[in-house]
Amino acid sequence: MNYAIIAAGEGSRLVQEGVKWPKPLVRLNGQPMIERLIDIFMANNPESLTVIVNEQMTQVKEFLESLTLPVPFTLVVKSTPSSMHSFYEVSRHLLALPEDKKLCLTTVDTIFRPSDFASYIRAFEDDKVADGYMAVTSFIDDEKPLYIKVDSQMDITAFCDKPFPGVEYISGGVYGLRRSAIPVLEDCMAKGVARMRNYQRALVEAGLKLRAYPFPKIVDVDHAGDIATAEAFLNDRS
């Protein structure tokens, strides 16, 4: 599996709330979030890793450059207006991959249990049909969640900004994609489309087969109070 991390956001809310670290270096149980994420990736059949950080994140850049990884590592340093634009910059470094290779992309503040992620990756690796595997969860604590419509086979039929009758899942911020998803991204960029959720809608409109994979719980770290929430979640063994 080829992995990528979007860590190019400014984390302005955390700064305003007194958090001293840049978001990727925020500690969860003593470990920087981005290091924790990389450790999880490196335990799940890694072939390569690409990370994008913004130009102001010199601490994060230095931290990543200090790591020794067992796979090829590409660090992209560029400020972008959205996570979709960050993904586009990352995707430029993935075009050299063979057509049959798969990518798993996450944002740096997406917190999940390693065991849940390992099951998700195995399912995506084993699936010979789906163009993408999107992590979903029924745990909703996001400020602006992206609601997911699925059919009886857990194939995604729509991405919705507002809840609807019978809604069960929201996007978890973990995106598993085949190379077939890259041309849709390029088309979105050419048309001036913004935001990752609109790119996901474009994937459905293009006829790609996206499967929803449920995680019991995924936590986003957007505010200072979310740090304690994430730590409690990771420490809860029930």
Options V136, V150; residue that is among the aliphatic types (A, V, I, L, M) and more than 10 Å from Y213 (Cβ to Cβ): V150
Helices (runs of 4 or more DSSP H) (entirely within region 174-238) containing at least 3 residues that are within 28 Å of P22 (Cα to Cα) and open to solvent by 50 Å² or more (accessible area, probe 1.4 Å): 224-235
Exclusive hit being surrounded by 15 or more Cβ atoms within 10 Å (Cβ to Cβ) and in contact with a Cys (Cβ under 8 Å, 6 or more places away or on another chain), set F41, F63: F41
Selected residue (criterion: most open to solvent (accessible area, probe 1.4 Å)) from residues of region 144-173 that are polar (S, T, N, Q) and closer than 21 Å to C104 by Cα: T157
Every pair of residues 6+ apart whose Cβ atoms lie under 6 Å, when the first sits in region 170-191 and is touching a residue at least 60 places away in the same chain (Cβ under 8 Å) while the second is of a type in the set (K, R) and open to solvent by 10 Å² or more (accessible area, probe 1.4 Å): R178/K102
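The values are calculated or read from the model by the stated rules, or taken from the named source; none is laboratory data. If you're wondering where the values come from, they're calculated on a predicted model, not measured in any experiment. Cβ sites come from the backbone with ideal geometry, for glycine too, and all protein chains shown count toward neighbours. Only protein heavy atoms, including side chains, enter the accessible area calculation; ligands, DNA and RNA are left aside. Shrake-Rupley method; radii C 1.70, N 1.55, O 1.52, S 1.80 Å.
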